[in-house]
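For reference, the structure is listed below as structure tokens.
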Amino acid sequence: MPIDSTTQAGTKISTVRLIFEFPYPSQTAILSDMQPLPGLRPSFTPDYQHRSQEVLDFALEWIPGYRDWKRFDPGSHHPVDERYAALPVTSKAHIRSHFPDGLRPLGRTLQAGLDSQEIELVHTSGTTEERVSLPWNQTWWNDSETAAWALHSDTARLPLGRHPEAILANPISVGIRNDDRSLSFADRSADRFLFLNEKSNPLAWDAAHYERMIRELQTFQPVVLEANPSLLADFAHYLLDQKRSCYCPPVIILTYEYPSRLFLRAIRKAFACPIINSYGSTEAGYVFMECEAGRYHQNTAFCRIDFQTWSPTLGNPRIGRILVTPFKNPWLPLIRFDISDLARIAAPQTCPCGRTDGWILEALEGRVRDVTLTLDNRPVTVNRLDEVLSQVPGLRGYQVEQLTLNSFRVHAAVAPPTPAGLDSVIRQCLESLYGAPLHVEIHLVPRVPPEISAKNRLAKNHLPLDPETLLETSHA
Ligand SMILES: [Zn+2]
């Protein structure tokens with residue numbers, strides 16, 4: 001099924017070197033395209049490099065929205081990686097400004113695709129900045145999914161393709177929405193898919209809703225349960241709290257949002273099957289797939305990846321921004337699409353699972369715009385924050401908002417009775433991460449509501465200057 005973008009808003013068009021300036025002038029980080037480092041060079045097939053070159057040459061020649069980028073291209077006598085690194089990035093704003101046909105080859109119009117029913121028009125969710133209208137090519141999407149599922153032995157061995165699949169997502173992202181009344185099983189079924197939820201606000205779920213999900217999973221017996229991790233964790237807590245058993249599918253695939261360790265813990269307690277995280281977006285298709293060893297492998301048959309890494313002075317130099325060039329989608333041939341998320345590259349580029357093709361990630365680090373800052377202005381990714389807060393006993397979910405450098409508001413999701421000393425444990429955790437002393441305002445809630453994008457958001461940054469908007473455009 002369509003996975004909605006896991007990302008937030010794109011940035012303005014940026015170029016070779018992105019100045020990632022924090023609110024405090026002495027703390028300036030530079031994002032730049034990754035230079036080969038010892039042990040960090042992934043393995044690519046000649047076909048991958050050839051395809052990268054073909055896609056780039058075609059875009060610069062035949063796609064109006066990219067023709068202008070020719071002036072940045074050092075030329076075909078340069079290695080293909082160098083050529084990509086010299087180019088700007090494609091942001092959501094760039095996609096919007098070239099709607100409807102600026103990012104398609106000359107002669108291939110959106111209207112023609114719609115008329116021939118090769119594509120549909122879809123609209124991603126979120127704020128005005130985040131939303132974008134895109135041609136949806138189901139055939140390409142399915143092929144991209146099939147290739148990604150080969151990257152985990154449990155999905156590789158299942159008879160996938162025409163399998164029954166249940167989806168637990170926010171209907172704003174995917175599915176059939178109705179906030180006024182409950183829809184029947186038939187109303188929420190489409191082809192081989194069953195949408196388990198029609199409510200845009202998961203806080204409206206009651207016991208009848210959870211019980212319906214239990215019954216429907218038993219009846220439908222999906223081979224795959226695809227789920228938004230925050231929603232599935234919520235369902236898992238219901239099962240655990242009520243000591244209810246539930247049909248367990250052969251595999252659960254998580255997508256749509258960053259999977260907090262707290263969510264994973266609850267899901268693993270409630271479901272005994274393999275739980276696999278899949279990373280991608282509506283624009284980019286299936287980009288990375290988690291393997292049995294918990295690392296992420298690039299879907300090289302369907303996309304090229306470029307990284308822009310942080311300055312080593314900011315901490316881990318293996319953390320960087322992911323730029324995706326999707327392959328084989330003639331209706332949306334993007335170059336260096338800024339998916340707006342950070343990842344940590346594995347060092348060395350090997351994995352215990354034995355797969356060697358393409359980039360290997362040690363972790364997904366969360367959205368660029370959700371980076372928060374320590375008292376001494378060092379960036380903290382969502383993944384790092386989650387590593388610390390997931391150790392708080394009794395916590396089921398959270399949202400941390402950084403209001404000023406030293407003041408935070410925390411929404412902490414707990415079930416009654418509230419664990420003793422919770423406030424002070426959360427404060428200690430945050431001070432161990434950001435420095436002390438901090439002003440911490442803690443609100444206990446049963447569940448953290450989703451954002452306007454329909455996604456759960458673990459961190460928000462209200463500092464005077466948002467790192468995302470401070471990316472400057474300049475050529476090296
Ligand atoms: Zn692996």
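Data for the structure
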{"read-out": "Selection status of Ser133, exposed (fewer than 15 other Cβ atoms within 10 Å of the Cβ), within 15 Å of Leu332 (Cβ to Cβ) and modelled with pLDDT under 95", "value": "yes"}
{"read-out": "Tally, over region 277-312, of residues that are away from the ligand (no atom under 16 Å from the Cβ) and within 19 Å of Val251 (Cα to Cα)", "value": "1"}
{"read-out": "In region 370-417, the residues that are buried (at least 20 other Cβ atoms within 10 Å of the Cβ) and among the acidic types (Asp, Glu)", "value": "Asp370, Asp386"}
{"read-out": "Residues (in a loop (DSSP other than H, G, I, E, B) and surrounded by fewer than 18 Cβ atoms within 10 Å (Cβ to Cβ)) located in region 136-159", "value": "Ala150, Arg157, Leu158, Pro159"}
{"read-out": "Members of region 56-81 that are part of a helix (DSSP H, G or I), more than 13 Å from Leu334 (Cα to Cα) and more than 26 Å from the chain's Cα centre (by Cα)", "value": "Glu61, Asp68, Lys70, Arg71, Phe72, Val80"}
{"read-out": "Answer from Ala347, Ala293 - the residue that is over 23 Å from Leu264 (Cβ atoms) and open to solvent by 10 Å² or more (accessible area, probe 1.4 Å)", "value": "Ala347"}
{"read-out": "Some residue of region 271-285 being in a loop (DSSP other than H, G, I, E, B), within 25 Å of Gly175 (Cα to Cα), touching a residue at least 12 places away in the same chain (Cβ under 8 Å) and among the hydroxyl-bearing types (Ser, Thr, Tyr)", "value": "yes"}
{"read-out": "Out of Ile339, Ile335, sole residue that is at pLDDT below 95, among the aliphatic types (A, V, I, L, M), crowded, with 24+ Cβ neighbours inside 10 Å and away from the ligand (no atom under 11 Å from the Cβ)", "value": "Ile339"}
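Conditions tested, residue by residue: (1) open to solvent by less than 40 Å² (accessible area, probe 1.4 Å); (2) outside any loop (DSSP other than H, G, I, E, B); (3) modelled with pLDDT of 95 or more.
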| position | (1), (2), (3) |
| --- | --- |
| Glu198 | yes, no, yes |
| Glu211 | no, yes, yes |
| Ser230 | yes, yes, yes |
| Phe235 | yes, yes, yes |
| Leu239 | yes, yes, yes |
| Pro249 | yes, no, yes |
| Ile252 | yes, yes, yes |
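The values are calculated or read from the model by the stated rules, or taken from the named source; none is laboratory data. Remember, it's a predicted structure, so these values are computed and weren't measured experimentally. Reconstructed Cβ throughout: ideal geometry from the backbone, glycine too, with neighbour counts over all protein chains shown. What goes into the accessible areas is simple: the full protein's heavy atoms, side chains included, and nothing from ligands, DNA or RNA. Shrake-Rupley method; radii C 1.70, N 1.55, O 1.52, S 1.80 Å.
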